[in-house]
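Notes follow once the structure below has been shown.
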Amino acid sequence: MKKSAIGLLLATTLLLAISSSLATPPPPTNYRICTPYPAHQNEETVRVCPTDSNVVIAMWRDLRLGPRRIGIGRSTDAGNSWTDSLVRLVRFDYQSDPSLEVDREGNFFACFVDFDVDYHSTYFY
């Protein structure tokens, strides 16, 4: 009786150790998708191409130059490495609220607000 109780206790302990390691996967690796700057980068949106999962596009609000800009990044190796730049199709000094979608054919669509704080002008792209 004593041996079976010890065996049951050991089996239960082993089972709990194994199940807890399986139930808690390690956190995913973080990959930097934009050029590192001390300024904030936020309002991120990321989409994966449905026809080629190696193609990943991301957009974010980027403050690296001071005023709000929109950054865009592209990966062709499933997010393991990235190239990035700032969106250059702008009329004013401030951009915000990036949005990104992809259709089932793999066409990406980007949208953001471009505005002038002095003259209260706003354009949507």
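Just so you know, all these numbers are worked out from the coordinates, no wet-lab data involved. Keep in mind that what you see is a predicted model, and the values were worked out from it rather than measured. All Cβ positions, even for glycine, are placed from backbone atoms using ideal geometry, and neighbour counts span all protein chains on display.
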#### Entry: Nearest-0.05 FRET efficiency for Tyr119 and Arg47, computed from C-beta distance (R0 35 Å)
0.60
### Task
Arrange the following residues from fewest to most other Cβ atoms within 10 Å of their Cβ: Glu105, Glu44.
Glu105, Glu44
### Query
By the scheme Lys and Arg +1, Asp and Glu -1, what is the net charge of all other residues having a beta-carbon under 15 Å from that of Ala110?
-3
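For the residues Arg69, Arg32, what sequence is obtained by ranking on other C-beta atoms within 10 Å, fewest first? Provide the component values of the computation, followed by the final result.
Numbers: Arg69 23, Arg32 11.
Ascending Cβ contact count within 10 Å gives the list Arg32, Arg69.
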### Query
Can you sort Val56, Val113 by how many other beta carbons sit within 10 Å, fewest first?
Val113, Val56
